[in-house]
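Presented below is the structure to which this report refers.
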Amino acid sequence: MADHQDDKTDFEDLDALFAEARDAATPELPEALMSAILADAAAEQSSWQTVAVTARPDRRGPLALLVMALGGWGSVGGLVAASCTGLWIGIADPEAAQWAPGFTLTAANSTTFSSAAYAAYETFDLATVLAEDLQ
Amino acid sequence: MIEASDEALLILFANGDGGAARELTRRLAPRVLGVATRVLGNRAEAEDVTQDAMLRLWKIAPDWRSGEAQVSTWLYRVTMNLCIDVKRKARGGHVDLDAVPEPPDPAAGAAETLQESARQDALQQALMTLPERQRQAVILRHIEELTNPEIAGIMEITVEAVESLTARGKRSLAKALAGRKDELGYQDG
């Protein structure tokens, strides 16, 4: 019983000591330590900025930039295909164009021109037409 | 005016705000210094640990996962681990208790200050006799006044283990200080 009483008193004394320790538990930060911690913080922030700046330059060449501006390689592929088709239609005999896949059907359904009729216009001279209009 | 949380300040810091670093240091570093001084029993080592713990906070800032842990809890955990590292490195050497300065309280009288200082030295000496984990648990519970679940999170153990450590630590401290009551200004009974 006496032991329990002693224990209780010891713990009360200990709690009083803890209370005193709490009052002194948060010391003032020395100025030098504060400066060192803030210098670390600034150095750390600078290191992130250095990484950001060195990562910024775009190493892609002008061709890659052009492709990017046109909407990527998919768009460029479509553009090239359309250009080649137009060029081929332009320099080839129009009749040959009818042999192009898909072209024949469209032409058959939507135009009334025959090769012969088209041939009649081949010799048509723009200057003659203009001259007729002026009369 | 609502004060920004530690986490909000850490995010600001990660976004390049220098003022946030100052505010976080003002709020957290003194607590880290206090607890490290108690755990290590050496002010110079505690200052090194404080700088190191804060540096780790600066480094984690860009990768901080919001809502996962409280900044202060994370910092306590880092501090405790750094203290263990310091003790491991110093194992075999002696602990310099004279290196623990107790700041004088200008409001108290000289005799009272001396008495209080003697009591705190005695407490510190008794704390240093405890095993490392017991000492950490007792300091976090009774001086830092953290809850058992908070301490469990910091020390990465169960709440029951915290209770066991603090109970054993307190008993050992009471025993160590029992014979020094007169010296410390406590009356028997």
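Laid out as a table, the results:
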item	result
Qualifying residues in region B:115-134 (those that are among the aliphatic types (A, V, I, L, M) and surrounded by fewer than 20 Cβ atoms within 10 Å (Cβ to Cβ)) - the one modelled with the highest pLDDT	B:Met128
Some residue of region B:62-74 being within 23 Å of A:Ala32 (Cβ to Cβ) and not charged (D, E, K, R)	no
Answer from B:Trp58, B:Trp74 - the residue that is of a type in the set (A, V, I, L, M, F, W, C), assigned to a helix (DSSP H, G or I), more than 12 Å from every other protein chain (Cβ to nearest Cβ) and more than 13 Å from B:Gln136 (Cβ to Cβ)	B:Trp74
Any hit, region B:2-13, residues being facing another protein chain (nearest Cβ under 8 Å) and over 23 Å from B:Val86 (Cβ atoms)	yes
Enumerated helices (runs of 4 or more DSSP H) restricted to region B:135-189, each holding at least 1 residues that are at pLDDT below 95 and within 13 Å of chain A (Cβ to nearest Cβ)	B:159-178, B:181-184
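One line per residue, one yes/no per condition, for (1) modelled with pLDDT of 95 or more; (2) buried (at least 16 other Cβ atoms within 10 Å of the Cβ):
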{"site": "B:Glu7", "(1), (2)": "no, yes"}
{"site": "B:Gly19", "(1), (2)": "no, no"}
{"site": "B:Leu24", "(1), (2)": "yes, yes"}
{"site": "B:Val35", "(1), (2)": "no, yes"}
{"site": "B:Arg38", "(1), (2)": "no, yes"}
{"site": "B:Ala44", "(1), (2)": "no, no"}
{"site": "B:Val49", "(1), (2)": "yes, yes"}
{"site": "B:Asp52", "(1), (2)": "yes, yes"}
{"site": "B:Pro62", "(1), (2)": "no, no"}
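The values are calculated or read from the model by the stated rules, or taken from the named source; none is laboratory data. Only a predicted model underlies this, so the values are computations on that prediction, with no experimental measurement involved. Don't worry about glycine lacking a Cβ; one is built from the backbone with ideal geometry, like all the others, and counts go over all protein chains shown.
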